[in-house]
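What follows is calculated from the coordinates using simple rules that are stated; it is not laboratory data. Note that the structure is predicted; figures quoted are calculated from it, not measured. Heads up, the Cβs are rebuilt from the backbone with ideal geometry, glycines too, and the neighbour counts pull from every protein chain shown.
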Amino acid sequence: MRIALYSKQLDGLKRLVEQLATDKRVSHLRTVSVDGAEAGDLSLHNVDVLILDDLIGEWITPAELEKLSNSHPDALIMLIARQDSSALFVDAVGAGVRSILRWPATPAEIDHAIAQCLDRLSRHGARHDGRTFTILAAKGGSGATFTALNLAYIWATRLEKRTLIIDLDLQYGDATFGLGESKHRSNVVQVAQDETLEASYLESACVPLRRNLFLLPSPVSLEEAARLEPSRLDNLLVLASRLFDVVIIDLPSHIDRITTCCMEHSNQVLQVVAPTVVDLRNQQRQLRYLHELGVPVAKVGTLINRMPMSERRRRNVDPFATEIERHLSNRTLGRLPRDDDAAALAIGAGESVVTVAPDSPLSRALESTAHSLLGVTAGETTMPSGWRQWLSRRRQ
Ligand SMILES: Nc1ncnc2c1ncn2[C@@H]1O[C@H](COP(=O)(O)OP(=O)(O)OP(=O)(O)O)[C@@H](O)[C@H]1O
Ligand SMILES: [Mg+2]
């Protein structure tokens, strides 16, 4: 669900913004301070829910709001009411407001309001459940691309989610090679820079890798990479989250406007960290940069990768490995063991780890992380429909 929140006093809504930024039902959150902005600039393009903080009458007239709501019948308008005025409520409802949240509100009341919006959107068929992840290594080579490809493979082929990998490592993108090199003509920059980007063009530009699994590759020239503008990337990411169940964006480890734009569009940011002092240091620094750039740090979780399997090996890799894991634990979303044989086998074959080494501890850890990131318990795995029909015939 994509939310745009307009307010005159965003500072006073800090609690609401934090709650929305960590709510997994909210895929995109845009906050706009109306100081200096005209009501005429208000746009509902790519917005599912518009939240107005008490602005009706003083910043936008009921007539202007009604016009806007008529031109975007799929969008829901919620009003944060700071005063108890029945005349205001009548005007607001007449202008298209469908939900009122009295302020101050408790976390439970906010949660309830969001659930109601979701319910209404799904009744109108406007809801889209796409989950977007960005993944980046705390330090180059920690395994972001490898993890992205393997998680995406499991989501697509085991959980039956239509999954898109977007390779936005614009200089050294290598996602094309992980699951067998495939021929492709388009790349993510060409698609994003298309002036009238449409679903059919995006679909046709995605390289099919496996059943349900697609890739939008990175460009292979610096000149092409430099053409990408964050505002264009916005459109691409919104469209991708509509067309696919899961989108995972593979990023380089440096932070810039492109990477922050991706994070703003993501439900969750996955930081891949190896249990070494150098990685930990970079991980902390990266978090600080993200915070400074306004990315809600609550969205950022850690995947500890290349964990030595035994305590003795752990100490050989880094004497502080156990300490580092403990330090990261409150952000940790998954732990992936180091398994050089399985990783080398997978890369050599251009296959996923779960295919080439299904019983390895690395495969098991990848499976459980892929499930938990989508909030799926192992028993809920979706079966391909052909198998379901075959099973139900056998049962009859
Ligand atoms: N758990 C693991 N066990 C063993 N090897 C691994 C593991 N995870 C990743 N690797 C290996 O580490 C290497 C680097 O991984 P990868 O390219 O995914 O890193 P990256 O963080 O994307 O790096 P870059 O900064 O180049 O984008 C790959 O050869 C991969 O096979
Ligand atoms: Mg990479």
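Any chance you could run the full-extension gain for ALA298 through ASP256? It's 0.36 nm times the residue separation minus the Cα-Cα distance, nm to one decimal. Walk me through the numbers before you get to the answer.
Working: separation 42, 0.36 × 42 = 15.12 nm, distance 1.93 nm.
Here the answer is 13.2 nm.
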Using amide H atoms built 1.01 Å from N in the peptide plane, name the residues 5+ places from VAL272, or on other chains, whose amide H lies under 5 Å from its own. LEU136, ALA137, ALA138, LEU303
Straight-distance crosslink candidates among lysines, where the alpha carbon sits under 28 Å from LYS67 and sequence neighbours closer than 8 are dropped: LYS8
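Decide, for segment 2-123, between rounded, prolate and oblate: order the square roots of the alpha carbon gyration tensor eigenvalues as a ≥ b ≥ c, take rounded if a/c falls under 1.5, and otherwise choose prolate if a/b is larger than b/c, else oblate.
Working: a/c = 1.28, a/b = 1.19, b/c = 1.07.
Taking the square roots of the gyration eigenvalues as a ≥ b ≥ c, segment 2-123 is rounded.
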Rounding to the nearest 20 debye, state how big the charge dipole of the chain is about its Cα centre with +1 on each Lys and Arg Cβ and -1 on each Asp and Glu Cβ. 1560
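State whether segment 236-365 is rounded, prolate or oblate according to the following rule on the C-alpha gyration tensor (a ≥ b ≥ c being the square roots of its eigenvalues): a/c under 1.5 gives rounded; otherwise a/b larger than b/c gives prolate, and the remaining case gives oblate.
Values: a/c = 2.36, a/b = 1.23, b/c = 1.91.
Note, shape of segment 236-365 comes out oblate.
Sequence gap at least 6, Cα distance under 8 Å: using those rules, report the relative contact order of segment 111-256 to the nearest whole percent. Could you put the intermediate results ahead of the total?
Working: 231 pairs, mean separation 57.2, N = 146.
Reported relative contact order: 39 percent.
What stretch of the chain, leaving out the sites themselves, is the longest with no chymotrypsin sites (Phe, Trp or Tyr not before Pro) in a DSSP loop having at most 16 other Cβ atoms within 10 Å? It would help to have the intermediate numbers written out before the result.
Values: sites that count: TYR172, PHE320.
That gives 1-171 as the longest site-free run.
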Taking the number of other C-beta atoms within 10 Å as the exposure measure, put GLU18, GLU223, GLU351 in order starting with the fewest. GLU223, GLU18, GLU351
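For segment 287-351, rounded, prolate or oblate, judged on the Cα gyration tensor with a ≥ b ≥ c (square roots of eigenvalues), a/c < 1.5 rounded, else prolate if a/b > b/c?
Values: a/c = 2.95, a/b = 1.42, b/c = 2.07.
It comes out oblate by the Cα gyration axes.
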Under Karplus coefficients 6.51, -1.76 and 1.60, residue-wise ³J(HN,Hα) of segment 10-16 in Hz, glycine/proline x: 4, 4, x, 10, 3, 5, 5
Under 5 Å from the placed amide H of ARG306, counting only residues 5+ away or on other chains, we find LEU336, ARG338
List the lysines whose Cα lies under 29 Å from the Cα of LYS14, skipping any in the same chain that are fewer than 8 positions away. LYS24, LYS299
